[in-house]
Each structure stands twice: as structure tokens, then as C-alpha cells.
Amino acid sequence: MIGLTLLAVLAAIGHHLFYVYLDGKQVSQVKIPQAWVIRVGTAFAYLFKASLVAAVGIAFCQRFWYSARRSSLQIRSLDAMFGVLINPLKFFNADLLLRTKVLFIMAVIAWILPIAAIFSPGAMTGFHRVRSVVISSPATQISMYPVPTLTLDRDIGILQLGTASFFFGGSVGFRRFILSVMSGGEIIPWPSPCGANCTYSVSFQGPALSCVAGDPNGPNVPIVQDNTFYNASSANPGEPDDINGNGPSGLLIALLNTTTPIVHNCTLYDSTYNITVQYNNNLQTVGWETVLDDVVPSSIWQAFNNHIYDATNGTSDGIPVSEWWYRLNEYTIGYAFFDFLYGYLLPEPDGAYTIDTDIVFSNLVNLSAFYDLGLPPDLDVQIESLFANMTISMLGFTQNPIFVGAFGEKSQPAAIYTQVEATVTSDIPRYSYSRLLLWALYGAALAIGLFLNIVGGVALMENGVDGDTSFSQVLVTTRSPDFDQLCAESTHGGYRIAEDLIKTRVRFVTDESELKAKFEIMH
């Protein structure tokens with residue numbers, strides 16, 4: 001009994017040391033295959049369970065003979081006590097529950113103890129079990145990857161031609177693209193070039209807006225009389241901005257605030273974008289900042305007709321055509337974006353609005369109710385961010401041009417791939433061992449088992465002799481003429497055992513004078 005309990009303790013310690021060996025190691029670093037890790041853990045748990053249950057079974061036998069000496073029990077009840085450790089139906093016996101309560105509890109515990117063996121080796125499942133679980137721990141690696149960067153030094157399909165092949169603003173396809181960004185308000189993501197979990201930073205040149213406070217009394221400020229709620233126009237109205245193609249390089253927005261208008265002056269700049277792109281399970285997050293360089297002049301529209309369309313040998317006025325394309329594309333991006341903001345919103349006496357601007361199609365306008373149009377208090381900041389989101393979203397066009405533009409099939413993608421360093425986070429499978437959970441299960445089982453060993457030991461000392469449920473033990477304790485007469489008609493066993501026999505109460509009696517111990521029928 002004690003030896004088996006010590007064997008259970010050694011099995012628990014062995015299980016613990018095996019998992020300590022695995023804890024924190026990468027799966028690839030362990031020479032033992034994962035399947036054998038599970039098998040070894042299961043073997044330790046089985047050895048623990050088998051040893052402890054066997055020890056409890058021996059203690060149960062000592063307690064059985066202890067109870068048989070002190071209570072008169074039906075032979076039916078003795079049958080239940082003999083078989084309860086292997087047949088749970090034997091629990092349904094009144095004497096077992098009422099006359100031998102300790103024995104009943106020991107039998108229940110013997111059935112429950114194997115639970116520790118069921119849960120403890122659950123090493124690879126991740127359920128609520130003690131685990132030498134294979135988990136994924138992040139590991140980073142820095143490598144070079146091709147990532148998209150904006151290139152504007154060629155036809156990227158954003159120009160539209162007007163009469164006599166004059167520049168006529170943004171192409172239809174490009175304006176649709178702008179509208180998709182403006183309505184959503186977010187950067188349109190592109191596929192990760194470096195895996196599901198990675199981060200990279202890259203810089204490129206592109207247009208950006210800078211919106212500052214304007215002078216309400218300055219020249220060219222849009223009119224906000226007659227309660228005009230919003231009015232936006234070119235910052236350079238000295239040039240026509242329609243058929244002849246003289247678009248603006250800036251935008252003036254006037255908002256009516258009580259009696260004094262608020263003016264935002266947004267200017268188009270050639271800028272440097274510094275962006276950091278992070279992918280977390282392929283979900284993209286982009287952080288960015290811009291460094292403003294030079295103002296994009298409003299006269300740059302003429303580059304198409306005077307320098308690109310009529311260029312010879314790839315240059316015009318000594319400047320490469322790629323440089324003319326770069327400035328013209330920046331100008332076109334601003335021109336097409338401003339086109340959605342031009343116009344006005346005019347409240348009507350009945351509470352409605354006269355709408356003469358496409359800004360209502362963007363996320364800048366609150367459309368919760370037609371009679372309650374609203375603009376954000378930081379409209380200038382929101383316009384800058386929306387323009388940057390549009391520019392960055394162009395990085396998704398690495399395979400095809402945004403639209404077949406001014407030169408038809410010669411249009412090229414707006415972004416090309418550039419090699420940069422990317423930090424790739426990968427999941428390396430490791431073993432992780434929960435000491436607390438393993439010893440909570442094993443510790444509780446060992447404590448109960450030790451207590452039952454003490455109960456069995458006390459019973460053994462009281463009995464004075466080791467007892468078990470072997471046939472020889474039963475044989476020598478039931479030798480008497482009374483039992484022979486009682487069993488005379490039931491010698492075949494099974495269903496032929498008489499009902500009167502199994503209802504007979506007996507008690508194990510020790511006769512000290514004759515040094516005999518046997519079951520006696522209680523009348």
C-alpha cells in the first residue's frame with residue numbers, strides 16, 4: 001500500500017521533470033517527436049493513476065474487514081462491497097451507504113482519482129489541462145523585401161484630354177478612384193509584400209496639402225453672403241479653371257460662423273512621404289508623416305501641351321520629360337481632388353440645403369439627416385489627412401495603370417517595387433508547461449490517497465491481520481455448519497442463489513479463546 005503510493009509520487013515527479021525539460025524549448029530543438037511527447041506524458045499519468053488507485057484499493061480491503069467485524073451486514077451488501085471497485089452499480093446498496101459510510105466514501109474516491117490521469121497528459125490540446133502545450137512565440141527577422149513606392153515620372157493613367165488634346169484634368173478612372181477614397185475616408189489597403197505579420201518603412205515623393213487659416217478679408221475669398229454655409233473655389237481665380245485647363249494649385253474654403261467667415265487656405269506641395277506599414281494577420285495599418293518641399297505652381301498644366309506632347313529626344317527646354325510628367329501628375333492629383341470640394345452649401349428657409357458641391361459624397365460631411373448637414377470642426381486637418389490617404393492609396397496600383405489615360409496603352413502603373421528592410425514576425429512553436437495546474441491535480445490526488453492510506457493502515461492495525469478479497473480469504477472465513485446448511489440449495493451460484501441467502505445478515509467474529517475468526521449468521 002505505502003510502496004504503491006511512493007510509486008505514484010515518483011511517477012508525478014517524473015512527469016514534472018519531463019515537462020520541465022520540454023518547457024520553453026522550440027519543437028524543432030527537441031529530439032523527441034511530438035507524438036512521443038504525448039505518449040510519454042500519458043504513460044507517466046497512467047502509472048500515477050494505476051499506482052494510486054491500487055494503493056487505495058488495498059486500503060479499501062483493510063477497511064472492509066474492519067467494517068465487517070463491527071456491523072452485521074447482509075450477504076447482498078458484502079457482494080456490493082466486494083465488487084464496488086469494479087462495478088459502479090454496486091453503489092446502489094443501503095448497507096454500503098448507511099452502515100459503512102467510510103467504505104462508501106473510499107469507493108467513490110477510488111472511482112474519481114483517475115480524473116487526474118485524464119487531464120494531466122493533455123499536452124497538445126490547449127484545453128483546460130496541465131499542458132506541455134505547443135504554443136507559438138513571436139520571433140523577428142529582418143530581411144529585404146520589394147515594397148510599393150509611388151512613381152509619378154511617367155504617364156500613370158490619371159490625365160484626361162480635352163479639345164485639341166489640351167490638358168483637361170483627371171481621367172474618369174482616376175476620379176472614380178478619388179471618390180472611393182473620399183467616401184470611405186480610409187487608405188485602400190494593398191497586399192502585404194512580406195507576409196501576414198511584418199512591418200516596413202519607406203519614403204517616396206508625392207503631392208500633399210497644407211491647409212492654414214486664411215484672411216476673411218483677403219482677395220479671392222469665396223463669398224458666404226446670404227447664409228451660404230460652405231463655399232470653396234480656386235485659390236488662383238485669375239486663370240479660368242475649366243475648358244482651357246488652367247487649374248489651381250490651391251483651394252480656398254470659406255465657412256460661415258455667425259457673422260464672421262472662417263477661411264481655410266489649402267496649398268498643393270511637392271512633398272516627401274515617410275510611411276510605416278504594419279501587417280497583423282494581413283490587416284494593414286499605415287502611419288505616415290509628410291515633409292513639405294516646394295509649392296506646385298498653377299501654371300504647370302501647360303507642361304502637357306508645351307513640354308510633354310511636343311517633346312523631342314525625351315527632353316523639353318533642357319528638362320527630361322520624366323520631370324515634366326512628375327510635376328504634371330502631382331498637379332493633376334490636386335486638381336481632381338479639389339474638383340470634388342468646389343461649390344457651395346446654402347441653407348434654405350424651410351431647413352433644407354441647396355447643394356452645389358460634391359463634398360457631400362465624402363466622409364467630410366455628416367449626413368445623419370438631410371436637414372442637419374455638418375462639417376467637422378477641424379475641417380482643415382481632415383482635408384489634409386483625406387488627401388494623404390488618397391495619395392498613399394495609389395501604392396496599390398503596382399500591376400496596372402489607374403486608368404488608360406492621355407497616351408492610351410502607354411499608361412503604366414502608379415507604383416513600382418523598391419527593396420527595403422522589413423521586420424517579419426513569425427510564430428515559432430515552443431513547448432509551454434503549466435506547473436501550477438499539474439501539481440494542483442497530482443497534489444490533490446496524492447493528498448487524498450495518503451489520507452486513505454492512513455485510514456487503511458489504522459484498519460489493518462485494528463484487524464491484526466492483512467485482509468483482502470481473495471478466494472482463499474473468503475474460503476477460510478466462511479467454514480461453518482451454519483453456512484453449509486444455508487448454501488445447500490444454492491451451490492450452483494448465479495440466479496440459483498436463494499433470495500433468503502443474500503438477505504441473511506452476517507458478521508465477522510473473532511474468537512480469541514479458540515484463535516479463530518469467521519463469519520457468523522446473525523439471528
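The values are calculated or read from the model by the stated rules, or taken from the named source; none is laboratory data. Every value quoted in this text rests on a predicted model; they were computed, and no experiment measured them. For neighbour counting, all protein chains shown are included, and Cβ atoms are generated from backbone atoms with ideal geometry for every residue, glycine included.
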Requested in this report: Please work out if TRP65 is over 29 Å from TYR442 (Cβ atoms) and either in contact (Cβ under 8 Å) with a residue 60 or more places away in the chain or assigned to a helix (DSSP H, G or I) (or both).
Outcome: yes
Report task. State whether one or more residues within the stretch 41-51 are more than 30 Å from ARG430 (Cβ to Cβ), buried (at least 17 other Cβ atoms within 10 Å of the Cβ) and out of contact with any strand residue (DSSP E or B) (no Cβ under 9 Å at 6 or more places or on another chain). Result -> yes
Query raised in the report: Do you know which residues across the stretch 50-101 are more than 50 Å from the chain's Cα centre (by Cα), basic (Lys, Arg) and under 21 Å from LEU113 (Cβ atoms)?
Result: ARG63, LYS101
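Conditions tested, residue by residue: (1) farther than 24 Å from LEU292 by Cβ; (2) hydrophobic (A, V, I, L, M, F, W, C); (3) modelled with pLDDT of 90 or more; (4) surrounded by fewer than 21 Cβ atoms within 10 Å (Cβ to Cβ).
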| residue | (1), (2), (3), (4) |
| --- | --- |
| PRO193 | yes, no, yes, yes |
| GLY218 | no, no, no, yes |
| ASN236 | no, no, no, yes |
| VAL277 | no, yes, yes, no |
Query raised in the report: Got a sec? Which of VAL53, VAL84, VAL102, VAL108 is within 23 Å of ALA447 (Cβ to Cβ), modelled with pLDDT under 75 and in the same structural domain as VAL458 (by TED's automatic domain parsing)?
Result: VAL84
Query - Scope the stretch 317-350; condition small (Gly, Ala, Ser) and either within 47 Å of the chain's Cα centre (by Cα) or assigned to a strand (DSSP E or B) (or both); matching residues - result: SER322, GLY334, ALA336, GLY343
Query raised in the report: Under 9 Å by Cβ, and 6 or more places apart or on different chains, what pairs join a residue from the stretch 18-37 that is farther than 12 Å from SER432 by Cα with one that is hydroxyl-bearing (Ser, Thr, Tyr) and part of a helix (DSSP H, G or I)?
Result: VAL30/TYR21
Query raised in the report: Which residues, counting only those in the stretch 14-42, are touching a helix residue (DSSP H, G or I) at 6+ places or on another chain (Cβ under 9 Å), part of a helix (DSSP H, G or I) and modelled with pLDDT of 80 or more?
Result: GLY14, HIS15, HIS16, PHE18, TYR19, VAL20, LEU22, VAL37, VAL40, GLY41, THR42
Query raised in the report: Does any residue of the stretch 67-81 turn out to be within 24 Å of GLY3 (Cβ to Cβ) and either surrounded by fewer than 17 Cβ atoms within 10 Å (Cβ to Cβ) or among the acidic types (Asp, Glu) (or both)?
Result: no
Report summary line: Within the stretch 409-442, restricting to residues that are in contact with a helix residue (DSSP H, G or I) (Cβ under 6 Å, 6 or more places away or on another chain) and of a type in the set (Phe, Trp, Tyr), the one that is surrounded by the most Cβ atoms within 10 Å (Cβ to Cβ) is TYR442
